[in-house]
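Trainee: Before I ask anything, let me first share the structure, which is written out below as structure tokens.
Readers should treat all values here as calculations from the given coordinates under stated rules, not as data from a laboratory. Remember, it's a predicted structure, so these values are computed and weren't measured experimentally. All Cβ positions, even for glycine, are placed from backbone atoms using ideal geometry, and neighbour counts span all protein chains on display.
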Amino acid sequence: MIELTTTRHNELIDPIVHVWGWEIPIYLFIGGWVAGMMILSGYFFMKGRGKEYHCVCYRIPLLALGLITLGMLALFLDLEHKFYVWRLYTTFAVKSPMSWGAWLLLLLYPTLFIIFLLQVPDWISTRWPILHSWSQKLRSVKAITKIVGMVNIVMGIILGTYTGILLSALGARPLWNSAILCILFLVSGLSTAAAMVHMIAKERAERELLARADNLFLFMELLVLALFFIGLLSSTNVQIQSAMLLLNGPYAAVFWVFVVLLGIVVPLFIQNLAVNHKIIHTPVSPIMVIIGGLILRFIIVSAGQFSHYANAHFIR
Amino acid sequence: MARFAMVIDTVKCVGCMDCVVACKTENKVPEGFNRDWITTDAKGKFPTVQMEIRSERCNHCDNPPCVYCCPTKASHVHDLGGVVLVHHHMCIGCKACLASCPYDARFIHPDGYADKCTFCIHRVEKGLDPACVAVCPTHCMYFGDLDDVESQVSKLLLERKNHALIPEAGTRPEIYYLI
Amino acid sequence: MEFISRRKFLKIGGASLAATTAIGNAKLFDSKRATELRQVPTFCDICFWKCGAIATIQDGKLWKVEGNPKDPLSRGRLCPRGSGGIGAHYDPDRLKTPLMRKSVRGEEEWVAVSWDEALGFIADKMKKIKADYGPEAMALFSHGIGGNFLKHMLKAYGSANIAAPSFAQCRGPRDVGFKLTFGEDVSSPERTDIRNAECLVLIGSHLGENMHNTQVQEFGDAIAQDAEIIVVDPRFSVAASKAKYYLPIKPGADLALLLAWMNVLVTENLYNQDYVTKYGFGFDHFVNEILPFTPEWAYPETGIEPDLIRQTARVMARHKPATLIHPGRHVTWYGDDAQRSRAIALLNALMGNWGVKGGFYYPVSMDIPGYPYPEYPHSERPKVDNPDNKYPFAHETITNGIREATLTGNPYPIKGWLVYATNLMHALPNEKETIQAIQNLDLMVVIDVIPAEIAGWADVVLPESVYLERYDDLNVEWFREPFTALRQPVIDPPHDQKPNWWIAKTLAEKLDLGHYFPWKDIEEYLSYRINQAGLSYEQLKSEGILLGEKQPIYFSEGVPDVFPTPSGKIEFYSLQLAQAGFDAVPKYTKPPQPPPGYFRLLYGRSPVHSFSRTQSNRILMDMMDENEVWINQDVAGRYGLKSGDYIRLKNQDGVVSNRIKVKATERIRTDCVYMIHGFGHNSRMLKFAYEKGVSDAQLITQYTVDPLMGGTAMNVNFVTLELEA
Ligand SMILES: Nc1nc2c(c(=O)[nH]1)N[C@H]1C(S)=C(S)[C@@H](COP(=O)(O)OP(=O)(O)OC[C@H]3O[C@@H](n4cnc5c(=O)[nH]c(N)nc54)[C@H](O)[C@@H]3O)O[C@H]1N2
Ligand SMILES: Nc1nc2c(c(=O)[nH]1)N[C@H]1C(S)=C(S)[C@@H](COP(=O)(O)OP(=O)(O)OC[C@H]3O[C@@H](n4cnc5c(=O)[nH]c(N)nc54)[C@H](O)[C@@H]3O)O[C@H]1N2
Ligand code: SF4
Ligand code: SF4
Ligand code: SF4
Ligand code: SF4
Ligand code: SF4
Ligand SMILES: [Mo]
């Protein structure tokens, strides 16, 4: 029998660490999602298939631009000392993923902006003809499209990985203390991005291709999840306990039902039927995938804060 | 170079919280928050119980993740004694440092910045002991320089069995508990 | 799962909390800002230990209170309550102006009045009481040094019916037991030489939770010097965790254990024979009486294995005379308290430690003359509290005796109460009796700093300035070394609060007793006394403390070895007791046991609170803001309870408590529950403290009166656990 008591009662810390509420999971989710989108659109750009895959190439980056702004807003909302936010950009802290992230987010804007320039929507170009002429110039050089694609892929990978590293660098929380977390978030980002495309794409071919891709990503996500847990379970006691939080602890119900079953397995099944034309394509499964991805971030952020080195939680 | 550390004798500590009250008034720690706190760790079955009482606070780690993860360098290692401090006016309140501390030693001050034990550097710089050390009625806390082999903290660590908290987290904590 | 709302909610809560207190939000490292610091020495009043303190004022605001390094009591370190003393000054729930009752007693409805009106009203009533019933019909309950001038006022008025709960609810039985044995009592601060003890026995004294400063500091010293510590307590106290031997005694069986220990010491010839031969009286008698009480006899009573009893007795003997069996302080437990304390005194005598290093020293003090007042009027009637000397060994006034007389009108009626700095609703057992007694009064005045429960029953409530805002009488202490300490204001009172000396003097003037207060103000009084002693008042003001010459405190240093008992010796056999019809050598009677399903209610101290007086101190409440009920882990399991659950307690008389948080723990026996005294306020004016935790006093409807001295034993109540539906 161990009786551990503390007299500490700090807000956000006791009895369970809860420094990050909804803002950070949203931010991480959006980050992953945008990363997935960038990789996907980057891929098709690189392949020079912007015409056939119009949605993923031209609509998605715009969406990403909006989303990443929302993500940054969520991050900003989470700050407790908001007026000092500019301090992020007076320094670069090499060891701080947050600092990397802050600068990375800044770089995303020009990258995404260039894609935007590659095909400026009509209603904008009529208003600002200058954009149109820039767009013309850019498109006249073939290599630019390729380079933009590559840059997008690279940035996407960095961004997607970063959302995981942000957590896994915080060694105090055993659940996050896994290098696989960044791959998990990356793959989940890809699956949610693909889901987004095959939900909103107008062309049937594009929808189906992306749905197939999504199935691949979902399958990979299952594998990575398994790896993630195998890694934790084969580590120290605190890591095992932290894995148990999700596997059969307080977070297990949500994890198994919303992340694994409804977020991965069921959509995988539905989409598999859809791409094989057994059933018609509906937005149901991509929505499930997206929500699953969102809940994954919530659950990892929350359970991660719950997981602790001191192992036993205080009785108060 | 100095390397400040605290050595706390759990054999003498009675868990009276005087160290907590003294910190509160000295540092005007706002209501509802603690820079230091008491942990009681009781094991066994009545009446055969063993109990360790510890006065805990930021460990001013030698390998401080809270400093590394800080995006603005508000969290930093002070020139004197390796004390880990926060520049309030540089902190954006992102809470990465709160999440990175295995000891949960930090909190967000109602004014928005990350706050925690400062080892009472404002007193130490004047040659005083930290407030918690200076008040302890059982005289069970010691503050000093580990780089000075003649200091009381160095000697106590040589003479007495001791442990630090969660060494496996790898932060190299600088508060030692005599047992 | 709670992803979202909790933290913002807390955030708002936390921010508004911080905003309402004075301690929030100062910019700390704003070193550029020039701050003006001022330090004033004084002494603490959060309890009666009176530690020397130094207050620091920063830019006109009270910042902190620290120990005065010159002070022998605090040795420069206050206890947590003293360190949190600024909370008393900043308490937003303080009394601010004099109040007069609007409707019936106990309804907390008031009108604010001027001091002149309030004191005028009181003076008129007191004159009428004097005319109708005689001056003795006025009684004063007063606890602490702040009451000195009011006591003087009441004596001048003609009444000696003045009592404090520190006798009949606290240390009375101990002092009687020791006085009967050694001829002198243990007094306060206790004359225990803990610092030099090689073996320290604590019987319920929960040092470390009981934070009487010097004792805790010396306890630390003793631990550091590897003293062998033996702790007897039904609860695994903090002190128990420091002990080599922990004896988890069945509550109420301590006297049986003490007899068994003495039996071992005597039968194994382990006691201090030289000492006993030299100083003992009636030892043979004592030996004869103690013989039947073997460890085997004690085992079923105490639950302590005979081997352990023998072993611990031998440990004590090994370190004699530097073995100190602590006499305890709050000892009003079971009704056998004076006799149990006498047994503790005898056990100490067997060690031969009275007047000896590591035992009990002889306290010394400075010779500071009193103020030359006119003589008090002579009273025809003896004090009201102890008619016909019913409690022959009570050497101080019995609070509950005054209450009883107020209730019954015998031996004569009591018609007015002045209550100074004692919350009788929490301090006296059976609050119903107190309330009934109050209904018989013509005048009920409470002088307090916060609207405590007792104030709710007053006709007039007078707001006093807190100790940091006033002068008080000198503390001419009896201690290891002689010293005198000054309490002086460090900051102004925030509202219309006045110090007790001013209240006493002004009231006396209104009672036409002004000539008893011939000094203009208290500084004239204080400086007169100090100057008469040939000392410098200015020095006292600037240093807070004047130290006297070191004096001998042990026999070995030249203290004369006289014992002011009838026999002039240590009375192993007490003729006085025998003559009064009591056991001359203590005997054990088993106290009533809890019926099935009931648990004995025990209580004690939190290191961060003093009785019922600190629950509106926001700093101390930040340390602990409600009490918990300690329940043995197995018992809790049986009831399906875990730590953090809320339950209610119901006592044998059907009184049901507030909600209280469960602490399921391995640190207590299965037959009792435990809580911190002083919580569970039901005065609505105590906005912050209101209904936080549970009041032990409310559940203490039963009490056993000590036949020797009239003390009220309170560990005799039983409760059941009432689970929330
Ligand atoms: N149930 C139960 N009863 C007990 C005890 C117990 O543990 N449990 N303990 C017993 C013991 S050991 C003792 S010593 C007594 C203590 O009994 P009390 O001395 O009556 O203790 P408190 O309950 O703190 O009440 C003190 C009152 O004085 C007020 N006060 C504080 N400072 C000042 C001041 O500067 N000026 C004025 N005018 N008023 C002030 C407080 O606000 C409070 O209302 O209680 C005894 N009764
Ligand atoms: N922090 C703080 N310190 C204080 C005070 C305060 O209010 N706050 N008040 C001061 C005052 S005036 C006093 S009188 C003292 C009181 O403090 P003490 O005299 O030290 O202790 P008590 O209040 O008598 O007893 C409480 C302890 O006795 C144990 N106990 C209960 N029943 C029994 C029993 O039958 N046998 C034995 N052996 N133990 C038992 C309880 O478990 C608990 O550990 O504290 C003083 N110190
Ligand atoms: S002040 Fe000293 S004895 Fe009290 S809890 Fe703190 S470290 Fe322990
Ligand atoms: S204890 Fe925590 S806050 Fe303090 S230095 Fe170590 S990691 Fe940082
Ligand atoms: S909360 Fe402040 S100190 Fe902590 S990591 Fe963020 S910016 Fe740095
Ligand atoms: S060193 Fe200073 S800041 Fe740190 S806990 Fe002690 S009193 Fe508080
Ligand atoms: S023991 Fe604590 S509360 Fe009592 S006088 Fe000393 S410092 Fe004040
Ligand atoms: Mo007491």
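Trainee: State the answer as a single residue: which of C:255, C:343, C:237 lies farthest towards the positive end of the charge dipole of the protein assembly as shown, with beta carbon charges of +1 for Lys and Arg and -1 for Asp and Glu, about the Cα centre.
Mentor: Selected residue: C:237.
Trainee: May I pose another question? If you place +1 on the Cβ of every Lys and Arg and -1 on the Cβ of every Asp and Glu, how big does the dipole about the Cα centre of chain B come out, in debye to the nearest 20?
Mentor: Numbers: 19 positive and 22 negative charges, 73 e Å.
With Lys and Arg at +1 and Asp and Glu at -1, about 360 debye.
Trainee: Would you work out the relative contact order for chain A, in percent, from Cα pairs under 8 angstrom that are 6 or more residues apart?
Mentor: So the answer I get is 26 percent.
Trainee: Given the pairs C:155/C:383; B:12/B:161; B:24/B:116; B:126/B:161, which are separated by over 22 angstrom at their Cα positions? The partial results should precede the final answer.
Mentor: Numbers: C:155/C:383 12 Å; B:12/B:161 14 Å; B:24/B:116 11 Å; B:126/B:161 31 Å.
With Cα atoms farther than 22 Å apart: B:126/B:161.
Trainee: Taking the Cβ-Cβ separation of residue A:287 and residue C:440 as r and a Förster radius of 51 Å, what is the calculated FRET efficiency to the nearest 0.05?
Mentor: The formula returns an efficiency of 0.10 here.
Trainee: Charges on Cβ only, +1 for Lys and Arg, -1 for Asp and Glu, centred on the Cα centroid of region A:6-311; of A:237, A:24, A:192, which one is farthest towards the dipole's positive end?
Mentor: Positive-most Cα among the choices belongs to A:192.
Trainee: OK, next. Over all pairs of distinct alpha carbons, what does the Kirkwood formula give as the hydrodynamic radius of region C:284-372, in Å?
Mentor: Evaluated on region C:284-372, it is 15.5 Å.
Trainee: Something else: For region C:219-263, calculate the relative contact order in percent as a whole number, restricting contacts to Cα pairs under 8 Å that are 6 or more residues apart.
Mentor: Over region C:219-263, the number comes to 31 percent.
Trainee: Then there is this: At q = 0.15 Å⁻¹, what is the log10 ratio I(q)/I(0) for chain A, with the Debye formula run over Cα points and no solvent?
Mentor: Once normalised to I(0) and log-transformed, intensities are -1.20.
Trainee: What average number of partner chain Cβ atoms lie no more than 10 Å from the Cβ of the residues making up C:627-639? Walk me through the numbers before you get to the answer.
Mentor: Numbers: counts 0, 1, 0, 0, 0, 1, 4, 2, 0, 0, 0, 0, 0.
Mean number of neighbouring Cβ atoms from other chains: 1.
Trainee: While we're on this one: Past 28 Å, Cα to Cα: identify those pairs from C:128/C:687; C:50/C:661; C:102/C:510, in the order given.
Mentor: Over 28 Å Cα-Cα: C:128/C:687; C:50/C:661.
Trainee: Under a point-charge model restricted to the Cβ atoms of Lys and Arg (+1) and Asp and Glu (-1), what is the dipole moment magnitude of region C:367-510 relative to its Cα centre, in debye to the nearest 20? Walk me through the numbers before you get to the answer.
Mentor: Working: 12 positive and 22 negative charges, 48 e Å.
In debye, rounded to 20, region C:367-510 gives about 220.
Trainee: Now a separate question. What does the highest-first list of C:399-405, A:210-216 look like by mean Cβ count within 10 Å?
Mentor: Those peptides, ordered most packed to least, come out C:399-405, A:210-216.
Trainee: While we're here: Counting other C-beta atoms within 10 Å, which of A:122, C:671, C:473 has the fewest, and how do the rest follow? Mind showing how you got there, number by number?
Mentor: Values: A:122 9, C:671 17, C:473 22.
Sorted ascending by nearby Cβ count, the order is A:122, C:671, C:473.
Trainee: Would you calculate a helix-derived [θ] at 222 nm for chain A, using -39,500 (n - 2.57) for each DSSP H run of n ≥ 4 and dividing by the full residue count, to the nearest 500?
Mentor: For chain A, the value works out to -22000 deg cm²/dmol.
Trainee: Here's something else I'd like to know. Quick one: what does P(r) look like for region C:599-723 with 10 Å bins over all Cα pairs, in whole %?
Mentor: Final binned percentages: 13, 43, 33, 10, 1.
Trainee: Same structure again: Provide, as a two-decimal number, the C-alpha radius of gyration of region C:135-257 over 2.2 N^0.38 Å, N being how many residues it has.
Mentor: 1.34
Trainee: Would you check region A:6-311 for Lys pairs whose C-alpha atoms are within less than 29 Å, ignoring same-chain pairs closer than 8 in sequence, and give me the count?
Mentor: Count of close lysine pairs: 15.
Trainee: Work out the mean other chain Cβ neighbour count within 10 Å for the residues of C:541-552 and drop it here as an integer.
Mentor: Values: counts 0, 0, 0, 0, 0, 0, 0, 0, 0, 0, 0, 0.
The per-residue average across the peptide is 0.
Trainee: Please compute, for peptide A:17-26, the average count of beta-carbon atoms on other protein chains lying within 10 Å of each residue's beta-carbon.
Mentor: On the way: counts 5, 7, 14, 7, 8, 5, 1, 4, 2, 0.
That average works out to 5.
Trainee: A further question on this structure: Return C:537, C:603, C:157 ranked ascending by Cβ neighbour count within 10 Å, so the fewest neighbours appear first. Could the numbers behind the result be given before it?
Mentor: Numbers: C:537 17, C:603 20, C:157 24.
Starting with the residue having the fewest Cβ neighbours, the order is C:537, C:603, C:157.
Trainee: Can you compute the helix-only [θ] at 222 nm over chain C? Use -39500 (n - 2.57) per DSSP H run of at least 4 residues, normalise by all residues, nearest 500 deg cm²/dmol.
Mentor: Numbers: 24 runs with 220 residues, N = 725.
It lands at -8500 deg cm²/dmol.
Trainee: Which whole number in µm²/s is D for region B:4-178 by Stokes-Einstein, with the Kirkwood Rh taken over Cα pairs at 20 °C and 1.002 mPa s?
Mentor: 129 µm²/s
Trainee: Here's something else I'd like to know. I need to check one value: relative contact order of chain C, counting alpha carbon pairs closer than 8 Å and at least 6 residues apart, in percent.
Mentor: On the way: 1602 pairs, mean separation 135.5, N = 725.
After rounding, I find 19 percent.
Trainee: Using the eigenvalues of the Cα gyration tensor, what equivalent ellipsoid semi-axes result for the protein assembly as shown when each is taken as the square root of five times the eigenvalue, whole Å, largest first? Walk me through the intermediate numbers first.
Mentor: Details: eigenvalues 921, 219, 163 Å².
The equivalent ellipsoid of the protein assembly as shown has semi-axes of 68, 33, 29 Å.
Trainee: Would you kindly work out the equivalent ellipsoid of region B:103-143 from its C-alpha gyration tensor and give its semi-axes, the square roots of five times the eigenvalues, largest first in whole Å?
Mentor: Working: eigenvalues 108, 36, 13 Å².
In descending order the semi-axes read 23, 13, 8 Å.
Trainee: Name the residue from C:330, A:55, B:157 whose Cα lies farthest towards the positive end of the charge dipole of the protein assembly as shown, charges +1 on Cβ of Lys and Arg and -1 on Cβ of Asp and Glu.
Mentor: Toward the positive end, the furthest listed residue is A:55.
Trainee: Also: Give the residue list of trypsin sites (Lys or Arg not before Pro) in region B:47-134 that are DSSP loop and have at most 10 other beta-carbon atoms within 10 angstrom.
Mentor: B:126
Trainee: Can I ask one more? Over the Cα atoms of region C:556-654, each weighted equally, I'd like the Debye log10 I(q)/I(0) at q = 0.11, 0.23 Å⁻¹, rounded to two decimals.
Mentor: -0.74, -1.27
Trainee: Follow-up question, since we're still on this one. Calculate, in whole percent, how much of the Cα-Cα pair population of chain C lies beyond 39 Å.
Mentor: Cα-Cα pairs of chain C separated by over 39 Å account for 35 percent.
Trainee: Measure out, as a whole number of angstrom, how far apart the alpha-carbon centroids of region C:677-695 and region C:485-561 sit.
Mentor: 34 Å
Trainee: Moving on to the next point. Can you pull a Stokes-Einstein diffusion coefficient for region B:86-179 at 37 °C (0.692 mPa s), Rh from Kirkwood over Cα pairs, as a whole number of µm²/s?
Mentor: 213 µm²/s
Trainee: Next up: Across every pair of different alpha-carbon atoms, what Kirkwood hydrodynamic radius in Å does region C:437-581 reach? List each step's numbers first, then the result.
Mentor: Numbers: mean 1/r = 0.0510 Å⁻¹.
About 19.6 Å for region C:437-581.
Trainee: Report, in debye and to the nearest 20, how large the dipole of chain A comes out about its Cα centre when Lys and Arg carry +1 and Asp and Glu carry -1 on their Cβ.
Mentor: Using Cβ point charges on Lys, Arg, Asp and Glu, chain A gives about 980 debye.
Trainee: So which DSSP H runs in chain A come out at 18 Å plus along the axis (Cα) with average Kyte-Doolittle of at least 1.6?
Mentor: What comes out of the filter, once short or polar helices are dropped, is A:60-78, A:97-118, A:180-200, A:284-306.
Trainee: HN-Hα J couplings of region C:460-476 from phi, Karplus 6.51/-1.76/1.60, θ = phi - 60°, integer Hz, Gly and Pro as x?
Mentor: Each residue of region C:460-476 in turn: 10, 10, 10, x, 8, 5, 6, 4, 7, 10, 8, 8, 9, 5, 5, 9, 9 Hz.
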